[in-house]
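**Q** What follows is a structure written as structure tokens; I'll ask about it next.
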Amino acid sequence: MKKHNFSAGPCILPQEVLQKASEAVLNFNNDNLSLIEISHRSKPFVNVMENARSLALELLGLEGKGYKALFLQGGASTQFLATAYNLLDTKAAYLNTGTWSTKAIKEAKLFGDIVEVASSKDKNFTYIPKEYSIPSDADYFHCTSNNTIFGTQIKHFPETNVPVVCDMSSDIFSRQLDFSKFDLIYAGAQKNMGPAGTTLVVVKEEILGKVNRTIPSMLDYKVHIGKDSMFNTPAVFPVYVSMLTLEWLKNLGGIAAIEKINEQKSALLYNEIDRNPLFNGIVATEDRSHMNATFTLTNEALTDTFNTMWNDAGINGLNGHRSVGGYRASMYNALSLESVQVLVDVLQELERKA
Ligand code: PMP
């Protein structure tokens, strides 16, 4: 039996996607060749890339609105610097809500002045700062929509006149937002899309070409747009699996449908964490992530018992990140409500035993 996979990333993907992906590795498109041994310039793969790019825009509701979708390499970490390389002329504004924002700020500082508009570092990133202002002369504002490690999520994005750049690595395609309020969105595939190895970048073309520097080709969004995301050999397998996952999501009813399920899952778990005297949530209630729920045991003496119980229940990946401790239940799109119920049953069983 497949484990209940609460891993933070790489993480659970839909079983039917894994099935189709494994078939394509052996025989893609009934051509008696593997997906990973054909040319990326062959018609069948070009179709995959085009399909993946248009599905991404369609699901985000951004078709025909001046956006381009790219599947690039180098992880979200490369986007920390690519965004600054392409957009930062003199000054940019950053909201610091955790490890990944901090890393994005570090890279951007290589290219200009960074104004940290607010930070939640004072409380180990357990909340989302709310009161801050974004300088109107900033080249852009950068934020991280979901903080994978700490388990916080931005629920209300600021209104601003400057372009908004958002790292959505760990909650893209999980909830409805007005995505047209963002000018550049990036997300590593390895949460709600596919295997590690490709990164989705969705960019509004009109914000490009405004910086006074020469951009190396591999980091230049315009170059990738000009080559339809095929400037160099793309990560064919991760792009293919991402396409399958996006098709799966579309067939399910898109983001609106998965958002309802995600809300049910997170409500089920957070209600139990709040009810059960043996557990405490780690972050501010109003900022809790629907993707990554972080919590601790109120009595550390129960650690071994609890760890044995969830392992025995077939649960995987529940340990918290080393910088936070405790536990983290990641409930990405492909995780079922039933899996969350199994975890909740273990929490209740521990209460009965203790
Ligand atoms: N941003 C966020 C929100 C993340 O969770 C991660 C890690 N999964 C990253 C950026 C870094 O991504 P990558 O490992 O693809 O560089």
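The values are calculated or read from the model by the stated rules, or taken from the named source; none is laboratory data. For clarity, every value in this text was computed on a predicted model and none was experimentally measured. Heads up, the Cβs are rebuilt from the backbone with ideal geometry, glycines too, and the neighbour counts pull from every protein chain shown.
**Q** Within the range 148-162, take every residue that is more than 13 Å from the chain's Cα centre (by Cα), of a type outside the set (S, T, N, Q) and surrounded by fewer than 21 Cβ atoms within 10 Å (Cβ to Cβ) and give me the one that is farthest from residue 130 (Cα to Cα).
**A** Ranking the qualifying residues of the range 148-162, first place goes to 162.
**Q** For the range 1-23, what are the residues that are in contact (Cβ under 8 Å) with a residue 24 or more places away in the chain, assigned to a helix (DSSP H, G or I) and of a type in the set (Gly, Ala, Ser)?
**A** Hit for the range 1-23 is 21, nothing else.
**Q** Of the conditions (1) of a type outside the set (A, V, I, L, M, F, W, C); (2) under 27 Å from residue 171 (Cα atoms); (3) part of a helix (DSSP H, G or I), residue 65 clears all except one; give me its number.
**A** That leaves (3) as the condition not met.
**Q** So, in the range 244-291, how many residues would count as being within 21 Å of residue 60 (Cα to Cα) and among the aromatic types (Phe, Trp, Tyr)?
**A** Total meeting the criteria: 1.
**Q** Let me ask you something else. Exactly one of these conditions fails for residue 224: (1) in contact with a strand residue (DSSP E or B) (Cβ under 6 Å, 6 or more places away or on another chain); (2) closer than 24 Å to residue 128 by Cα. Give me its number.
**A** Unmet condition: (2).
**Q** Residues to consider are 76, 138, 92, 69; find the one that is touching a residue at least 24 places away in the same chain (Cβ under 8 Å), among the small types (Gly, Ala, Ser), buried (at least 17 other Cβ atoms within 10 Å of the Cβ) and within 16 Å of the ligand (Cβ to nearest atom).
**A** Step by step, each of 76, 138, 92, 69 is checked, and only 76 is touching a residue at least 24 places away in the same chain (Cβ under 8 Å), among the small types (Gly, Ala, Ser), buried (at least 17 other Cβ atoms within 10 Å of the Cβ) and within 16 Å of the ligand (Cβ to nearest atom).
**Q** Can residue 192 be described as at pLDDT below 95 and not hydrophobic (A, V, I, L, M, F, W, C)?
**A** Details: at pLDDT below 95: no; not hydrophobic (A, V, I, L, M, F, W, C): yes.
So residue 192 fails the test.
**Q** With the condition being of a type in the set (S, T, N, Q), I'd like the helices (runs of 4 or more DSSP H) fully within the range 181-280 carrying at least 2 qualifying residues.
**A** 236-252, 254-275
**Q** Here is a further query. Within the range 111-121, is there a residue that is within 16 Å of the ligand (Cβ to nearest atom), on the phi > 0 side of the Ramachandran plot, buried (at least 17 other Cβ atoms within 10 Å of the Cβ) and assigned to a loop (DSSP other than H, G, I, E, B)?
**A** no
**Q** Ok, one more. Please specify each residue of the range 173-194 satisfying the condition of being more than 16 Å from the ligand (Cβ to nearest atom) and surrounded by 18 or more Cβ atoms within 10 Å (Cβ to Cβ).
**A** Those that are more than 16 Å from the ligand (Cβ to nearest atom) and surrounded by 18 or more Cβ atoms within 10 Å (Cβ to Cβ): 179, 183.
**Q** Let me ask another. Among the residues of the range 143-171, how many are within 12 Å of the ligand (Cβ to nearest atom) and in contact (Cβ under 8 Å) with a residue 40 or more places away in the chain? Don't jump to the end; show me each part of the working.
**A** Taking the range 143-171 and keeping what is within 12 Å of the ligand (Cβ to nearest atom), we get 143-154, 166-171.
Checking which are in contact (Cβ under 8 Å) with a residue 40 or more places away in the chain leaves us with 143-144, 146-154, 167, 169-171.
Counting residues in the range 143-171 that are within 12 Å of the ligand (Cβ to nearest atom) and in contact (Cβ under 8 Å) with a residue 40 or more places away in the chain gives 15.
**Q** Still on this model: Tally up the residues in the range 112-159 that are within 19 Å of residue 182 (Cα to Cα) and in contact with a Gly (Cβ under 8 Å, 6 or more places away or on another chain), please.
**A** 3
**Q** Could you tell me whether any residue of the range 41-54 is of a type in the set (Phe, Trp, Tyr) and in a strand (DSSP E or B)?
**A** no
**Q** Follow-up question, since we're still on this one. Scan the range 222-236 residue by residue and report those that are free of Cβ contacts under 8 Å to residues at least 24 places away in the same chain and β-branched (Val, Ile, Thr).
**A** Listed by number, the list holds a single entry, 223.
**Q** For the range 195-213, what are the residues that are touching an Asp or Glu at 6+ places or on another chain (Cβ under 9 Å) and surrounded by fewer than 17 Cβ atoms within 10 Å (Cβ to Cβ)?
**A** 206, 210, 212, 213
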